[in-house]
Amino acid sequence: MELPRAPRINPSILAADFVNMQADLARIATADFAHVDVMDNHFVPNLTFGPQMVERIQATSPIPLDVHLMITDPERWAPGYAEIGAASVTFHLEAATEPVALARRLRDIGSRAGVAVKPATPVESLYEILDEFDQILVMTVEPGFGGQGFMPETMPKLRALAEEARRRGSSVWLQVDGGISDRTIEIAAAAGADTFVAGSAVYGADDVEAAVSRLRDLARAASLES
Ligand code: DX5
Ligand code: ZN
């Protein structure tokens, strides 16, 4: 698969209409990846889709899937999402017992391997193992719900990661998720993010395609300036 270039816009289907999923997937055909929030009502206090639903989404989506697992015991469940054919599978660092071993397994199956950190989780432990991942997701809200406000206090961590990646010549993607909108995307892009998840900002727009391209333009301009 040819990988889309930065800045990448990944609409979160958490903000889609769950009973009109096929139509709502078709509306984001010009975006880069469909972001799929898997929640287990345990790692986070909310419940969404499981593997069976994600398999149907994979079969139906016009664009590849970016699966974000907000679940405990990712060692047990994450490989199944890679087997379904998800382009990328991201698990939480806070939930994993052996993040490197799990990332290697995901890559072996053929998906990109991602690791996510909650707003209060430090990222220094990832510096030495950056090459083990294709994507690092810096949460810009507490995981669990769409429609929350962007937390600017997560930006120093993102900036440090971007600097570290540059220093090491790493090509790891830096993703942000939560509260990304026309008003906040430039802040995250300037801090070094290249991949942007947006739920309510995309699906809440009258013209979804225009919202995606506007977010992309704003991110591109802000990353060129920084
Ligand atoms: C939150 C999810 C996000 C969420 C983002 O736990 O991981 O992907 O859908 O929604 P917005 O863009 O509305 O903050
Ligand atoms: Zn997410």
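The values are calculated or read from the model by the stated rules, or taken from the named source; none is laboratory data. Predicted model only: the values in this text are computed from it and were never measured. All Cβ positions, even for glycine, are placed from backbone atoms using ideal geometry, and neighbour counts span all protein chains on display. Side chains are part of the model used for accessible areas, which takes the heavy atoms of the whole protein and leaves out ligands, DNA and RNA. Shrake-Rupley method; radii C 1.70, N 1.55, O 1.52, S 1.80 Å.
Brief remarks on what is shown
- Result for the chain in a Gaussian network model with C-alpha springs under 10 Å: among Arg167, Arg183, Arg107, the largest mean-square fluctuation is at Arg167.
- Solvent-accessible heavy-atom area per residue, rounded to whole Å², over the chain at 1.4 Å: 44 Å²
- When only Cα pairs below 8 angstrom with a gap of at least 6 residues are kept, segment 136-226 shows a relative contact order of 30 percent.
- Residue of Ala23, Ala34, Ala96 that the Gaussian network model of the chain assigns the largest fluctuation, springs spanning Cα pairs under 10 Å: Ala23
- Element breakdown for segment 1-152 at a 1.4 angstrom probe: carbon and sulfur atoms account for 49% of the accessible area.
- Gaussian network model of the chain, Cα within-10 Å springs - most flexible of Tyr81, Tyr203, Tyr127: Tyr127
- DSSP bridge orientation in the chain - percent antiparallel, rounded to nearest 5: 5 percent
- Label-zone membership for segment 1-25, site Arg220, 7 angstrom Cα→C-beta point, backbone N under 13 Å: 5-9
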